[in-house]
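Encoded as structure tokens, the structure appears first; notes follow it.
Readers should treat all values here as calculations from the given coordinates under stated rules, not as data from a laboratory. In this text the structure is predicted, and so the values were computed from the model without any measurement. Glycine also receives a Cβ, built like all others from the backbone with ideal geometry; neighbour counts cover every protein chain displayed.
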Amino acid sequence: MDDLITEFLDKKVIDSLDTLLSAKDEGETNAAAKTIADSFGSGTYSVATPEDEQKLIVSFKRNLTLLVEKTWVEKIDVSLKEEVLYKLEQYCTEVSKGAWCEFYKTFIKMLNDVIYLMFGNQTKTDEFAEYALRIDPEFGIFCWYVRNLPKSNEWSSERNKAVQLVAMFFLANY
């Protein structure tokens with residue numbers, strides 16, 4: 001995946017992921033988040049004010065709800081689809097109140113579940129990353145981003161927020 005991603009992203013964006021995950025400074029974290037979000041090709045990333053942040057959360061919830069509801073799934077996955085919608089509601093309510101750290105694990109699981117619902121068992125193969133990049137480069141870049149996030153962390157609320165807002169930005173505009 002590392003070699004393949006360089007066909008789709010500048011080194012600056014790839015390096016920004018490392019910075020986002022390990023920077024000591026909040027300014028560096030936010031600059032890295034912006035660089036990554038802007039690479040999604042979905043407009044200009046800005047969460048400069050609490051109002052911008054809340055607007056992004058609302059757009060994310062609305063678009064992800066529509067995406068999940070419209071995704072056809074096998075009968076065996078219907079309960080997962082319902083679980084994702086339930087968790088999405090709970091998640092958005094809590095992060096709107098600032099619970100970024102407490103709901104990080106929920107967020108990561110939810111994103112992986114959504115990717116699974118969209119592509120099925122193929123997401124569990126080694127070839128999925130290449131497949132996603134080839135059929136939809138923007139979504140493939142998003143999958144690369146999600147796959148590189150740790151399942152849990154000990155980050156500050158600000159870093160947790162920055163990491164989650166980047167993914168929200170993509171899904172709010174997908």
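Summary table below
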{"quantity": "Residue that is nearest to the chain's Cα centre (by Cα) [pool: residues in the range 117-174 that are under 26 Å from A31 (Cβ atoms), assigned to a helix (DSSP H, G or I) and of a type in the set (K, R)]", "calculated": "R147"}
{"quantity": "Residue, surrounded by the fewest Cβ atoms within 10 Å (Cβ to Cβ), within the range 9-29, restricted to residues that are of a type in the set (A, V, I, L, M, F, W, C) and outside any helix (DSSP H, G or I)", "calculated": "A23"}
{"quantity": "Selection within the range 87-108 - touching a residue at least 12 places away in the same chain (Cβ under 8 Å), part of a helix (DSSP H, G or I) and not hydroxyl-bearing (S, T, Y)", "calculated": "K87, L88, E89, Q90, C92, V95, K105, F107, I108"}
{"quantity": "Selection count where residues are without any contact (Cβ under 8 Å) to a residue 60 or more places away in the chain and either in a helix (DSSP H, G or I) or surrounded by 18 or more Cβ atoms within 10 Å (Cβ to Cβ) (or both), scope the range 42-53", "calculated": "3"}
{"quantity": "Residue among V84, V68 that is in contact (Cβ under 8 Å) with a residue 40 or more places away in the chain, assigned to a helix (DSSP H, G or I) and crowded, with 16+ Cβ neighbours inside 10 Å", "calculated": "V68"}
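Listed here are the residues, each with its yes/no results for (1) surrounded by 11 or more Cβ atoms within 10 Å (Cβ to Cβ); (2) in contact with a Leu (Cβ under 7 Å, 6 or more places away or on another chain); (3) closer than 16 Å to E158 by Cβ.
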position: L4; (1), (2), (3): yes, yes, no
position: E7; (1), (2), (3): no, no, no
position: A31; (1), (2), (3): yes, no, yes
position: F40; (1), (2), (3): yes, no, no
position: K55; (1), (2), (3): yes, no, no
